[in-house]
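We did not get these values from a lab; they are worked out from the coordinates using the rules stated. Since this is a predicted model, take the numbers as computed values, not measurements. Counting neighbours? That spans all protein chains shown, and the Cβs are built from the backbone with ideal geometry, glycine included.
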Amino acid sequence: MKKLIAPSLLAADFANLQRDSEMLNNSEADWFHIDIMDGVFVPNISFGMPVLKAISEHAKKPLDVHLMIVDPDRYIDTFAELNAAILTVHYEACSHLHRSLQKIKSCGMKAGLALNPHTPVHLLEDIIQDIDLVCLMSVNPGFGGQSFIENTYAKVKAIKQLIIDKGATTLIEIDGGVTDQNAKALTEAGADVLVAGSFVFKSDNPTETIARLKAI
């Protein structure tokens, strides 16, 4: 499968979200990646429901919503109503993970599962077939613009092998520190979806930057 590019609106200009959303609509980006942070699970606060609603009114591509929050089950129905196509919860935040994933799917969304950099991939062995997307955090979650963690390559390869061994169709997404310097190696390791925030939105020409990532 051809890799997907999901620019992260965490790095967009919050005063011009409509403009940046329309730029993504007109670019080669495949998804809108939207980080929801609560200031508890991660040491930062980002978008809330009203901002996501505003983005969804302009977005013409799937909304890839990443919940970095405690007790995400409380809000699954709400994010379905706000047109999330993929809803990703954190392994570290779910006490009853299988139930959370089933709830996401029952609401008509794809179920994603994120792993923090310190979380080993073998923990997915019993549940990989229930996950539509694994989001590997290649930085510590909470802030944009961080440096890429090199151990990510090994984790991608390990998850890809697990997917093959279990006959699963799970996509692998990389979130954090993605640039044109590591995109090729990540794709070769087995990544399907690349999330890029600062590298896209802080560039001189975000549309061209997205096209460059897509072409690598």
For Ser147, are the conditions met, namely being surrounded by fewer than 20 Cβ atoms within 10 Å (Cβ to Cβ) and small (Gly, Ala, Ser)? yes
List the number of the failed condition for Phe201; all other conditions in (1) under 27 Å from Ile127 (Cα atoms); (2) among the aromatic types (Phe, Trp, Tyr); (3) in contact with an Asp or Glu (Cβ under 9 Å, 6 or more places away or on another chain) hold. (1)
For region 14-60, the count of residues that are farther than 25 Å from Lys3 by Cβ and in contact with a Phe, Trp or Tyr (Cβ under 7 Å, 6 or more places away or on another chain) equals 1
All-but-one check, Ile86 against (1) surrounded by fewer than 22 Cβ atoms within 10 Å (Cβ to Cβ); (2) touching a residue at least 12 places away in the same chain (Cβ under 8 Å); (3) not in a loop (DSSP other than H, G, I, E, B), failing number (1)
Within 16 Å of the chain's Cα centre (by Cα), within 30 Å of Lys184 (Cβ to Cβ) and not in a helix (DSSP H, G or I) - does that describe any residue in region 91-104? no
How many of the residues in region 101-118 are in contact with a strand residue (DSSP E or B) (Cβ under 7 Å, 6 or more places away or on another chain), over 21 Å from Asp175 (Cα atoms) and not charged (D, E, K, R)? 0
Among the helices (runs of 4 or more DSSP H) contained in region 124-216, which hold 3 or more residues that are under 18 Å from the mean Cα position of the chain (by Cα) and within 20 Å of Glu92 (Cβ to Cβ)? 152-166
Pairs, first small (Gly, Ala, Ser) in region 162-175, second outside any strand (DSSP E or B), C-beta under 8 Å, six or more apart: Gly167/Gln129; Ala168/Ile128; Ala168/Gln129; Ala168/Ile131; Ala168/Leu162
